[in-house]
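The values are calculated or read from the model by the stated rules, or taken from the named source; none is laboratory data. All values reported here derive from a predicted model rather than from experimental measurement. So basically every Cβ, Gly included, is an ideal-geometry build from the backbone, and we count neighbours across all protein chains shown.
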Amino acid sequence: MPKRQVDMLLKNASQLLTFSEQLHPEKSIISDGAIAVDHGRIVDIGKTGELESRFESDETLDVTGKIVTPGLIDCHTHLIFAGSREQELDMRLSGMSYMDILRSGGGILKTMYATREASKEKLVEEGKKVLDSMMLNGTTTVEAKSGYGLTVEHETKMLLAAKDLSKQHPLDIVPTFLGAHAFPPEYKDAPDEYVRVVATQMIPQIAREGLAEFCDVFCDKGAFSVEQARNILVAGIEQGLRPKIHVDEFANIGGAKLAIELQAVSAEHLLHSSSDDLTQLSRAGVIPVFLPAASLTLMEDRFADAVTLLKNGLPFALASDFNPSCPTKSLQFVLALSCYCMKTPIIEALRALTLTAAKALRKSHDVGSLEPGKKADLVIFDVADYRFLLQHLGVNLVSKVVKRGVVVAEEGRATRAKSAD
Ligand SMILES: [Zn+2]
C-alpha cells in the first residue's frame, strides 16, 4: 500500500504524553512515539514503526531522547498592559499588602494610568515581547484579559490590541473582558454606578464588536461584591459572553457559589475556598484554575488545595496569572510551583496545563491533548522522561515548539513569526 504523504512526521520520541481524554494520564504515554501532521492538524499518533509504515514526509522531526507534550495553555493572563511596577517588590518586602499598595495608588490603578496613556500600537508592541517569551517557554495558547482601561474606550483599545496580536503572532489568543477588575478613581464614591457602566455600556459594545469570548469579574473582599459580580456576569451572559470569575483570592465572600449558580466556565485563584466549595465547583463542571505564581509573588504563604480535588478524581487547571506584579511568562515555572508548593504530581500538573487548561477556555475540542483532529500544537522537551522536567529547576527545557504544524521556536529562539508568512 502506498504511504500517505503528510506535511510533517515527528518520530522517535522517548515519550509522547498524549493526555488523551479517555485514559489516565500515565496510561496515555506512548514510548518510541510518532505523530503525523497535515495541514496543521494531527492526523495520526502511535509508535514510530507503525507510523513510518503508513506515512512519509519531506519534513521529518527526529526527536530521539526527548519527550513531547501538547502545547502548554496559559488560561489566565493579564497579557496586555503598559508600564511596570518593579518598586512594589520592595513595598511588599517591607510588609505592605496587596490591598495597602492598591489603596496607596499602586497596583492595578498604577497600571491603569499607564495603559490609558498608551496607544494601541504600544500595547501590541509590549504584548508581542511577552508572547515571544511565553512561546519560547512552551506556551502555544494564551488567554488575555482586559481590565487596565476601565472605560469603554480603553477597555476596547486593550481588546483590539489583543486582536491585532492574534493576527500577528503565531500563538492563539483567547480574549476575555475584565472591565470589573477594579473600581476606577472616577467612580470611587459610586461603585454601583460603575457596575452599571460595565453592564450597560461596556459589555454591549464589546459583544457587538466581537472583541471577547468571556466576561470576568474580580469578586473578592475589597473588589466587586457577589451581587455586583452577578449583575455584570448576567449582563455578559445575555450578550453571549460566557462567565469566568476571580474568587476567594483574599477572602471567601461566596464567589465560588456564584460561579456554580451561573455555571461559569471557570473559577480562578480559590486560595480561601473550602474543600467543599472546591469539590462542588468541580462537580458542577466549573473548572477550578489555580495560580500558584500569584501566591508566591504576593507572598501570601498559602496555596490552593489541589490535593483535595486529586483525592476525589476531580480536574483542575493551572495558569501563570501573568500581570505586572506576577511577571512569570513560564508555565514550566508554574509546573514547579504546582509540584513543590501545591504537592501535585508532575503528571497531574502537566494535565492541568494542557487538557484541563483547554477546558477552562472551552477549547478542548481543538487543543490540549495529542489526538487526531486536534491542532498540531506540540512542545518537545529536552528530557527523555517527563519525571526529569523538575530535575533541572529554573531552566528552560524546551527544545522546540510546534504551532499548527510549524516549528515556531527552536533552542531558545523564535524561528517563524506569523507576520513573516
Ligand atoms: Zn487575574
TODO: Name the single residue, out of those in segment 41-55 being more than 23 Å from the chain's Cα centre (by Cα) and in a strand (DSSP E or B), that is surrounded by the most Cβ atoms within 10 Å (Cβ to Cβ).
DONE: Ile45
Task: Cross-chain or 6+ apart pairs with Cβ under 6 Å, segment 315-327 first and more than 17 Å from Ala304 (Cβ to Cβ), then within 10 Å of the ligand (Cβ to nearest atom) and hydroxyl-bearing (Ser, Thr, Tyr) - done: Phe322/Thr77
Open item on the list: Exactly one of these conditions fails for Cys341: (1) in contact with a helix residue (DSSP H, G or I) (Cβ under 7 Å, 6 or more places away or on another chain); (2) crowded, with 19+ Cβ neighbours inside 10 Å; (3) in the same structural domain as Ser266 (by TED's automatic domain parsing). Give me its number.
Closed with: (2)
Open item on the list: What's the number of the only condition in (1) under 20 Å from Ile101 (Cβ atoms); (2) part of a loop (DSSP other than H, G, I, E, B) that Gly210 fails to meet?
Closed with: (1)
Open item on the list: The conditions are (1) under 20 Å from Ala144 (Cα atoms); (2) in contact with a Gly (Cβ under 9 Å, 6 or more places away or on another chain); (3) part of a helix (DSSP H, G or I), and Ala336 fails exactly one of them. Which is it?
Closed with: (1)
Task: Single match in Leu171, Leu160 (criterion: over 17 Å from Pro243 (Cα atoms), in contact (Cβ under 8 Å) with a residue 60 or more places away in the chain and more than 16 Å from the ligand (Cβ to nearest atom)) - done: Leu171
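The rows are residues; the columns are (1) surrounded by fewer than 23 Cβ atoms within 10 Å (Cβ to Cβ); (2) away from the ligand (no atom under 16 Å from the Cβ).
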position: Glu268; (1), (2): no, no
position: Ala284; (1), (2): yes, yes
position: Pro292; (1), (2): no, no
position: Glu300; (1), (2): yes, no
position: Thr308; (1), (2): yes, yes
TODO: Only one of these is of a type in the set (S, T, N, Q) and under 23 Å from Gly127 (Cα atoms): Asn252, Asn323. Name it.
DONE: Asn323
- [ ] Considering each of Ala235, Ala264, Ala223 in turn, give the residue that is of a type outside the set (Phe, Trp, Tyr), touching a Pro at 6+ places or on another chain (Cβ under 9 Å) and either buried (at least 24 other Cβ atoms within 10 Å of the Cβ) or under 27 Å from Lys329 (Cβ atoms) (or both).
- [x] Ala264
Open item on the list: Condition first: more than 28 Å from the chain's Cα centre (by Cα) and of a type in the set (Val, Ile, Thr). Now tell me which residues in segment 1-40 satisfy that.
Closed with: Val6
Task: Residue ranges of strands (runs of 3 or more DSSP E) in segment 60-147 with at least 1 members within 16 Å of the ligand (Cβ to nearest atom) - done: 72-74, 139-145
Open item on the list: Quick check on this structure: which one of Arg242, Arg230 is within 20 Å of Thr356 (Cβ to Cβ), more than 16 Å from the ligand (Cβ to nearest atom) and of a type outside the set (Asp, Glu)?
Closed with: Arg242
Task: Set Ser20, Ser14, Ser31: member being in contact with a strand residue (DSSP E or B) (Cβ under 7 Å, 6 or more places away or on another chain), outside any helix (DSSP H, G or I) and surrounded by 17 or more Cβ atoms within 10 Å (Cβ to Cβ) - done: Ser14
